[in-house]
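Working notes, structure below.
The values are calculated or read from the model by the stated rules, or taken from the named source; none is laboratory data. Just so it is clear, the structure is predicted and the values come from calculations on it, not from any experiment. Reconstructed Cβ throughout: ideal geometry from the backbone, glycine too, with neighbour counts over all protein chains shown.
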Amino acid sequence: MYAPIPALNLLKEFEDGVEDYFAPGFELIAFGEDDGGYPQLSDRIRPFAQATGSGSTYAIWLLDDRADLATLPVLLLGDEGGVHVVARDLPELLRVLASGRSPMCDWDGVDYDDEREEADGDEGDGYDPCPENPAFRAWLRDRFGLEAAEDPDAVVRAAGAELGDAFAAWIGPLIPDAVAARGTA
């Protein structure tokens, strides 16, 4: 068993069965064994995946003591700074991943860019940072009845709007820069 979250165990099986990336820069890491570069958060997060090739990390935020960890919010811990709520729960993050877009994160915010468009400005250039994305989309539909997020940034904004106050109250004393950028310090 990879993790105490059935959906992550299924994702691990999927990841092990494909040859290449299914979401840009995304790779599962040892569940909960890292601090994502933020040791001061380690008692309330469970990192589970590399979010980018440069070292940003996805982590479950232990917002409360609910037993089903898949229903807890997901954070993005930026390798160049920034900690942000990116999904209200794991299924929502899976929809974001299925969008095929890569997260860009700093203290001011996070947004998901389409690397295929940015490679040289031409969508038809053949560059694909996640060639297994169609298989992932089919898997997500078959396993969970979910579709890719058409606008992953809207998912992030909705999660931030719903959880922003609780997030700021928790992280503010630990990492003041995380709330200062939001204008809530």
Enumerated strands (runs of 3 or more DSSP E) restricted to the range 43-109, each holding at least 2 residues that are of a type in the set (F, W, Y) and surrounded by 20 or more Cβ atoms within 10 Å (Cβ to Cβ) = 57-61
ask   = When the range 67-91 is examined, which residues are found to be over 18 Å from A154 (Cα atoms) and either among the aliphatic types (A, V, I, L, M) or modelled with pLDDT under 95 (or both)?
value = A67, L69, A70, L72, L77, G78, D79, E80, G81, G82
task = Give A166, A149, A154 a once-over and let me know the one that is surrounded by 14 or more Cβ atoms within 10 Å (Cβ to Cβ), over 19 Å from A7 (Cβ atoms) and modelled with pLDDT of 95 or more.
result = A166
ask   = Yes or no: A159 modelled with pLDDT of 95 or more and surrounded by fewer than 19 Cβ atoms within 10 Å (Cβ to Cβ)?
value = no
